[in-house]
Amino acid sequence: MLQAIDHELRWRKNELTGLKIETIYFGGGTPSLLSPDELEDILEAIREEYQLIDDPEITLEANPDDIHKTYLESISKVGINRLSLGIQSFFDDELKLMNRAHDVSMAKSSLEIAMEIFPNTSIDLIYGMPLSTADKWKKNLETALSYDVPHISSYALTVEPKTALQAFIKKGLINEPDESVAEAQFYMMVDKLEEAGFMHYELSNFGKPGYLSKNNSAYWQGKPYLGIGPSAHSYSGTERSWNVRNNNLYIKSLHKKKLPLEREKLTITDRYNETVMTGLRTIWGVDLEGIRNEFGPTYFDYLREQSHNYIKQHLLYIENDKLLVTRKGKFLCDGIASGLFKLNLE
């Protein structure tokens, strides 16, 4: 697998010609299973083949049960400078429901060690759990804040097929996630984290000043990125591509010197829809003048017309020529964005 990743990295270097790498993100699956030496080999291949800025943000996703102090000290020495820790919850019953390998004591001890070695640590939390209450969610947030983490990513629970959670719901052992509970917990989180000095810079992401994820920000601002490895996605600005999901097919394809990916050329309508969707999710909003310049008056007029009713309902507003969601519209953001999409009729 590591040889295949190395081959793909080197063979696709021309896709980012002329661009300097600002962020490197080890995510998807369990990258914390890689040894410090293996991480160093991958980073060395990137440094050899790509242009990097002087101090790129280099993040590693990790599970609390995978890390210990010696490991974190070692990966910090090879260049990792940001950690994303999959805490999910500070309650054991919720962790069991999500089939997580760690328990609360492991979550807390790993977070203590992480903050000691990586001041730039982010944690993931899940809201809208079937077993959750307002008090439990408040406690989750307060526990996270007690560790002085500078970045929190938080997502509503989704029931994935063939998971323990789906089986429990089918058997009637627990209830389906309640959207009204998720909405109340979302707004509680927004209030508590903003009071604690976090910027709600993207729908699911909160960071203290100076700690907004450069990787996340680049994605939501529509910058190009290159995804390496099984099922990784890439975006050039005009084209999307994605690698085969199957590990064996991925390795065999690269062994035969063939890139294991499919490509899709984006139409002007695709690009308009994506610009609207990603922009609305952020504090930067959708640049109306940018829409006019990039897509022309037809798309600009369409967006103004479609957004009119949402503005009347106080779900959207315009400020400094940017279209933004109101506080009331935040939880409904993706649905609002779809209402502004143009049909792909070309």
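How many of the residues in region 249-290 are within 23 Å of the chain's Cα centre (by Cα), acidic (Asp, Glu) and farther than 21 Å from GLU239 by Cα?
Counting residues in region 249-290 that are within 23 Å of the chain's Cα centre (by Cα), acidic (Asp, Glu) and farther than 21 Å from GLU239 by Cα gives 1.
Run down ILE123, ILE152 and say which single residue is assigned to a strand (DSSP E or B), within 19 Å of ALA184 (Cβ to Cβ) and either at pLDDT below 95 or open to solvent by less than 20 Å² (accessible area, probe 1.4 Å) (or both).
After applying the criteria, what remains is ILE152.
Condition check: modelled with pLDDT of 95 or more and either buried (at least 18 other Cβ atoms within 10 Å of the Cβ) or under 26 Å from PHE206 (Cβ atoms) (or both). Does GLY329 satisfy that?
yes
Just to be sure, is SER253 assigned to a helix (DSSP H, G or I), in contact with a Pro (Cβ under 7 Å, 6 or more places away or on another chain) and surrounded by 17 or more Cβ atoms within 10 Å (Cβ to Cβ)?
So SER253 fits the description; yes.
Say we look at region 196-234 and pick out the residues that are open to solvent by less than 40 Å² (accessible area, probe 1.4 Å) and in a strand (DSSP E or B); which of these is nearest to ALA156 (Cα to Cα)?
Filtering first and then ranking leaves ASN205.
PRO36 fails exactly one of the following numbered conditions: (1) at pLDDT below 95; (2) of a type outside the set (A, V, I, L, M); (3) open to solvent by 10 Å² or more (accessible area, probe 1.4 Å). What is the number of that condition?
Only one criterion is unmet by PRO36, namely (1).
If I ask for residues that are among the basic types (Lys, Arg) and surrounded by 13 or more Cβ atoms within 10 Å (Cβ to Cβ), which ones from region 294-317 would you list?
Hit for region 294-317 is ARG304, nothing else.
In the set LEU131, LEU157, which member is within 28 Å of ILE113 (Cβ to Cβ), at pLDDT below 95 and within 19 Å of the chain's Cα centre (by Cα)?
Testing whether each residue is within 28 Å of ILE113 (Cβ to Cβ), at pLDDT below 95 and within 19 Å of the chain's Cα centre (by Cα) leaves just LEU157.
Any idea how many residues of region 97-120 are without any contact (Cβ under 8 Å) to a residue 24 or more places away in the chain and open to solvent by less than 40 Å² (accessible area, probe 1.4 Å)?
1
So, of the residues in region 87-96 that are within 22 Å of the chain's Cα centre (by Cα) and open to solvent by 10 Å² or more (accessible area, probe 1.4 Å), which turns out to be nearest to ILE53 (Cα to Cα)?
GLN88
Name the single residue, out of those in region 61-72 being among the charged types (D, E, K, R) and modelled with pLDDT of 95 or more, that is surrounded by the most Cβ atoms within 10 Å (Cβ to Cβ).
Looking at the filtered set, the residue picked out is GLU61.
Among the listed residues ILE46, ILE58, ILE24, ILE75, identify the single one that is farther than 23 Å from LEU212 by Cα, modelled with pLDDT of 95 or more and crowded, with 18+ Cβ neighbours inside 10 Å.
None of the others qualify; the one that does is ILE46.
Going through region 273-312 one residue at a time, which ones are part of a helix (DSSP H, G or I) and hydrophobic (A, V, I, L, M, F, W, C)?
VAL276, MET277, LEU280, LEU288, ILE291, PHE295, PHE300, LEU303, ILE311
The values are calculated or read from the model by the stated rules, or taken from the named source; none is laboratory data. Since this is a predicted model, take the numbers as computed values, not measurements. Glycine gets a Cβ as well: all are built from the backbone with ideal geometry, and neighbour counts include every protein chain shown. For accessibility, only protein heavy atoms count, side chains too; no ligands or nucleic acids. Shrake-Rupley method; radii C 1.70, N 1.55, O 1.52, S 1.80 Å.
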